[in-house]
Amino acid sequence: RSCHILRLPKMIIWICMCRTVKNLMPLIILVHGGGFVYNDSQSRQAQLMYRYFRDHGYACASVNYRLAQEAAFPAGVEDVKSAIRFLRANAEKYGYDPECFAIWGESAGGYLSVICGASNDEEFNSVPFIGEDKNHPVSSEVQVILDYYGCMEFGTMEDDYRELRIPKIVRWAA
């Protein structure tokens, strides 16, 4: 197994992969949850997921993004898309397939994963990645989006909670 920690300004990217696979591995980009206000790429859930995926033959990168108290929307989306472009530009260096990217996120990370995966390259691209000036235009496209309990309809969230009879204290905590 091989792991690399890339410490970039305002972002840490953790790349893990299994060296026993001879072909280029698909990359799963993990985006942590935390209600947009806490957690990071080394959260317990992110660690469990990248270890699971890594042990099953995938390269994994767990990425950070600016939290709500650091920067307003769409900063988190821009950070994740910048990380995707960085990872694609450096695929040969780290040995994964630049044409086979999946993005997986839980909770707030699920929301960010869907927005990143569903938007085009012209949207949310104002955050450059280190080395971007030395690369041809790099796509932030992903081939697979995996949303693990991310909220997609913030406007109907309260109605959904009531319909599901989720107690107010749980709704408040969420």
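Could you look at the range 38-118 and say what percent of its accessible area is carbon and sulfur, using a 1.4 Å probe and all protein chains?
48
When each pair of different Cα atoms in the range 33-174 is counted once in the 1/r mean, what is the Kirkwood radius in angstroms, to one decimal?
One decimal place: 16.2 Å for the Kirkwood radius.
The range 150-168 to the range 66-137: how many Å between their Cα centroids?
Spelled out, the Cα-based centre of one part sits 28 Å from the other.
Kindly state, to the nearest 0.05, the FRET efficiency for GLU158 paired with ASP121, given R0 = 35 Å and r defined as their beta-carbon distance.
E(calc), rounded to 0.05, equals 0.50.
Check ILE103: other-chain or 5+ apart residues with amide H under 5 Å from its amide H, H built from backbone geometry?
ILE29, VAL144, ILE145, LEU146
Can you list which of the GluC sites (Glu not before Pro) found in the range 77-122 are DSSP loop residues with at most 15 other C-beta atoms within 10 Å? Mind dumping the intermediate values first?
Numbers: sites: GLU78, GLU92, GLU99, GLU106, GLU122; in loops: GLU122.
The qualifying sites are GLU122.
The values are calculated or read from the model by the stated rules, or taken from the named source; none is laboratory data. Just so it is clear, the model here is predicted, and its values are computed rather than measured. Backbone-built Cβ (ideal geometry, glycine too); neighbour counts: all protein chains shown. Surface accessibility is based on the protein's heavy atoms, side chains included, excluding ligands, DNA and RNA. Shrake-Rupley method; radii C 1.70, N 1.55, O 1.52, S 1.80 Å.
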